[in-house]
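**Q** The structure's right below; bear with me while I get my questions together.
What follows draws every value from the coordinates through simple rules; no lab data is involved. Everything numeric here is computed off the predicted structure, so don't read it as measured data. Neighbour counts run over all protein chains shown; Cβ positions are idealised from the backbone, glycine included.
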Amino acid sequence: QCQLNGLWRNDQDSLMEISVLRDNGDFQGQYLTRVTLSGGCAQISPLRGAQQRLGEEGWPTFAFTVRWDKFSNATTAFVGQCFVDAGGKEMLSTMWLLREAAGSLEEDWKATR
């Protein structure tokens, strides 16, 4: 069974810690990114999310947001699922959208990556 709480590292060497996982599936933690807009300095940002309640299979889907308020005017939304590979290693498979503030409606098209 896959558990979201704990420390996770991604392919870019960023760290995510889910420190609070409530019975209703809500969770919170922090994200430490190595890929930042502030010249490569690592910055900790708060995250909040929710996971689907575990079914019998134990592969929960989840979503969370990270607010990059310390170094950027942006928010990222992640969605994904937790898996356990054949060797017993837990892995999160995610997709993300990053939204920066646009200066005007005409610039809206380039504000989401």
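**Q** Which one of F64, T33, Q52 is farthest out on the positive end of the charge dipole of the chain, using unit charges on Cβ (Lys, Arg +1; Asp, Glu -1) and the Cα centre as origin?
**A** Positive-most Cα among the choices belongs to T33.
**Q** Something else: Each residue of segment 98-111 in turn: what ³J(HN,Hα) in whole Hz from Karplus with 6.51, -1.76, 1.60 and θ = phi - 60°, glycine and Pro shown as x?
**A** 3J(HN,Hα) across segment 98-111, in whole Hz: 10, 10, 9, 5, 8, x, 6, 4, 5, 8, 4, 4, 9, 8.
**Q** Please work out which option in (1) 49.4, 169; (2) 16.0, 62; (3) 15.3, 50 gives Rg and Dmax of the Cα atoms in Å calculated from these coordinates, and answer with its label.
**A** Step by step, Rg and Dmax of the Cα atoms in Å for this structure corresponds to label (3).
**Q** Quote the charge dipole size of the chain about the Cα centre in Debye, to the nearest 20; the model charges only the Cβ of Lys and Arg (+1) and of Asp and Glu (-1).
**A** It works out to roughly 220 debye.
**Q** Follow-up. Starting from 0.36 nm per residue, how many nanometres of slack lie between D11 and R67 once their C-alpha separation is accounted for?
**A** 18.1 nm
**Q** Compute the length gained on full extension between W96 and W109: take 0.36 nm times their separation in residues and subtract their Cα-Cα distance, giving the result in nm to one decimal.
**A** 3.0 nm
**Q** Report relative contact order for segment 6-108 in percent, whole number only (criteria: Cα-Cα under 8 Å, sequence separation at least 6).
**A** Averaging sequence separation for qualifying contacts and normalising by length gives 15 percent for segment 6-108.
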